[in-house]
Amino acid sequence: MGGKVLISAVSLILVVGVAIGTVIVVHKQTNNGDSSGKISSHQNTVVAQMCQNTDDPNFCQQTLSHVNDSDPKAFLSAVVEATTNSVIKGLNMSDKLIVDHSNGEKGVKMALGDCKDLLQFAMDSLQMSTDLLRNDIKTVTNQTPDFRNWLAAVISYQQACMDGFDNNNDGEKQVKSQLQEQALDGIGKITGIALDIVSNLSNILGKFGLQLNLKPASRRLMEVDSEGYPTWFSASDRKLLQNMKRGHHLKPNVVVAKDGSGNFKTVAEAIASYPKNGLGPNGRYVIFVKAGVYQEYIIVPKTAVNILMYGEGPGKTVITGNKNFVDGVKTMQTATFANTANGFIAKKMSFVNSAGAEKHQAVALRNQGDMSAFFNCAILGNQDTLYAQTNRQFYKNCDISGTIDFIFGVSPTLIQSSRIILRKPLDNQFNTVTADGTPQKNMPTGIVIQNCDIVPEPALFPVRFQLKSYLGRPWKAYSKTVIMESRIGDVIHPDGWIPWEGNLYLDTLYYAEHNNVGPGANVQARIKWPGYKGLISKAEAQQFTASQFLRGGPESNSAVWLKALHVPYDIGFTKA
């Protein structure tokens, strides 16, 4: 991954310490005489209220025991500070191990390098959480969906760090165990506590006696003007998006053309041309990629926010590569195209990994950009085609193909009105459409497939009953996947879903189906796991529509950022 952090561990601690210091203000109360016992008792009660619905109340109370304040925001600040400190510890540990293994195995060095990058992204998410806590408690509560998303992203990055090590390699397994025991497990535990508290925030505030007249979602993303645009959009951005909606030809900032008729011959050069000083808070950088096959490996850096990249069609503008796990590349680094920037939009393009089924993990598109969207795109590969790594993501009118776990990740991902194409696997393999990796119960993550066609490619069709295909399998403990309003072909085995490993996670996962049609939609012979919900009601399925799911949880009721991007979408159900 690009964008290595060239800052010492000590510097990092100092910088973060200053940042947190501006936010974490714990007001000490003077204890006089025999009133100290009452204050201590009162504070114990307050801490207990904050922690009672967390997974580990005792650990939560230990974390917050030093807070001597009646302001609920002080407790939120304290738990974010504790989370930040745990990530700093992980960064310091990864730095130390990188030095210790500088002459070691290639796989170990690659995994540690990825960990350092991932933990830096976690720091970015925590910085946004810290910045939010500079506001009053009403603003904080209004942005609960954002807050939850950022905390979930921290857990996602921590999880991706651990998953980068090969458990079948003794050297990598040993380093993973060391990093996990001394840092990563702590990150997951304390971030989980923070997420539990934020997820229960409205109830906690009630116990503090705060009855706020709250909006149901983030002010920053909720408010719209009379034309349906968020109030934070600039006049120039509105004009651009209006022209998109009307089908007018966009005037790009730069043009990519292999024949030299544009500004650049490669996509990488176009992305590198992103203004060094940024676009300002309301700008958008438009890149037009002319028809051609571009054999490149692309990483959109996190600083290149609000890029709109469009081509001449998914079969015409093609970005392709063939990096893969069998050839010694870590899964995360196999991606042909990786986006790490917020607000990214792609239209009318193909993202391909041509490594083939025999090369195992080979990612075509890895996406971790918050509020990103792909429209009229093709994402083509075999195993691990689409890595929806973290943050809120939307896909519409796309072709997504693959074999094993070909839509996977730890993010709130909604795929609408697309073709999910199962390819022919190796003779000893089976197909699984999804592998969601949600590891904790309060994470607002999961994969939702709505109004899609789930079909076999021509090569699979004749042997579709011999080479079995399933809707998904649980990668982690709280794996969450919902298939709704879709057309499911007979390529899907009657069981519907398959275990990851024995009976692992079958009690805690959440798999559900709603209002699907087609021969593969019959649930009579589905698996009988405790976590399989079967056919859920419309009321329960409502939480997985765009209006709710892409805001971070069922307490939200709008996904205005999609409307603002002018990527066509259905805010609710597509069928009566």
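Laboratory data are not the source of any read-out in this text; all were calculated from the coordinates shown. No experiment lies behind these values; they were computed from the predicted model shown. Glycine gets a Cβ as well: all are built from the backbone with ideal geometry, and neighbour counts include every protein chain shown.
Key figures for this structure:
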item: Sorted by Cβ density within 10 Å, fewest first, the residues Ile193, Ile449, Ile88; result: Ile88, Ile193, Ile449
item: Cα gyration tensor category, rounded, prolate or oblate, for segment 405-451 with a/c compared to 1.5; result: oblate
item: Using a Förster distance of 56 Å, the FRET efficiency for His66-Asp453 (Cβ separation, nearest 0.05); result: 0.50
item: Inter-site label distance for Gln178 and Val293 at 7 Å from Cα along Cβ, in nm; result: 4.5 nm
item: Trypsin sites (Lys or Arg not before Pro) within segment 269-351, DSSP loop, no more than 15 other Cβ atoms inside 10 Å; result: Lys276, Lys316
item: Anisotropy class of segment 245-341 from Cα gyration tensor, a/c 1.5 cut; result: oblate
item: Cα gyration tensor category, rounded, prolate or oblate, for segment 32-183 with a/c compared to 1.5; result: prolate
item: Sites Phe465 and Ser537, calculated FRET efficiency, Cβ-Cβ separation with R0 25 Å, nearest 0.05; result: 0.20
item: Likely footprinting exposure, Thr139, Thr84, Thr45, Thr438, fewest C-beta neighbours within 10 Å first; result: Thr45, Thr139, Thr84, Thr438
item: Amide H contacts under 5 Å for Gln361, placed H, 5+ residues apart; result: Phe325, Val326
